[in-house]
Amino acid sequence: QVQLVESGGGLVKAGGSLRLSCAASGLKFSPNTMGWHRQAPGKQRELVAIITTGGSTNYVDSVKGRFTISRDAAKNTVYLQMNSLKPEDTAIYYCNIASAFYDYWGQGTQVTVSS
């Protein structure tokens, strides 16, 4: 059974930092992409950052220069280092791990940034 366990969310003041982690277990095949999405109240879910098996990364414009996605392939774990957080970063953050054979989502972790 595949499990994705997220951790690292919480409440932080504007300008602060948080590090999200998402560990996948039970995968039969290595993922092609690992990413983070977020959904703020009243808004659609959006892709925040994604990393491929080759190490290529892509970010939504609003987080470029502040967020860094990384992965530990051996542990099937993806991280999101979030610096210089802003109130508009407040959302539920979901990890996503995908390959040609599957597309799994984490349960979500709340990130709240106070002004």
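The values are calculated or read from the model by the stated rules, or taken from the named source; none is laboratory data. Everything quoted here is computed from the prediction, not taken from an experiment. Note that each Cβ is placed from the backbone with ideal geometry, even for glycine, and that neighbours are counted across all protein chains shown. Ligands, DNA and RNA are stripped out before the accessible areas are found, and what is left, the full protein with its side chains, is counted by its heavy atoms. Shrake-Rupley method; radii C 1.70, N 1.55, O 1.52, S 1.80 Å.
Out of all the residues in region 66-93, which are of a type outside the set (A, V, I, L, M), within 20 Å of G55 (Cα to Cα) and part of a strand (DSSP E or B)?
Of everything in region 66-93, those that are of a type outside the set (A, V, I, L, M), within 20 Å of G55 (Cα to Cα) and part of a strand (DSSP E or B) turn out to be F67, T68, S70, R71, D72, T77, Y79, Q81.
For region 2-63, list the strands (runs of 3 or more DSSP E) that sit wholly inside it and hold at least 1 residues that are aromatic (F, W, Y); which are they?
33-39, 57-59
Of all the residues that make up region 40-80, how many are over 22 Å from Y104 (Cβ atoms), open to solvent by less than 60 Å² (accessible area, probe 1.4 Å) and either within 13 Å of the chain's Cα centre (by Cα) or modelled with pLDDT under 95 (or both)?
Summing the residues that are over 22 Å from Y104 (Cβ atoms), open to solvent by less than 60 Å² (accessible area, probe 1.4 Å) and either within 13 Å of the chain's Cα centre (by Cα) or modelled with pLDDT under 95 (or both) in region 40-80 gives 1.
What number of residues within region 19-30 are under 27 Å from P87 (Cα atoms) and open to solvent by 30 Å² or more (accessible area, probe 1.4 Å)?
Of the residues in region 19-30, 2 are under 27 Å from P87 (Cα atoms) and open to solvent by 30 Å² or more (accessible area, probe 1.4 Å).
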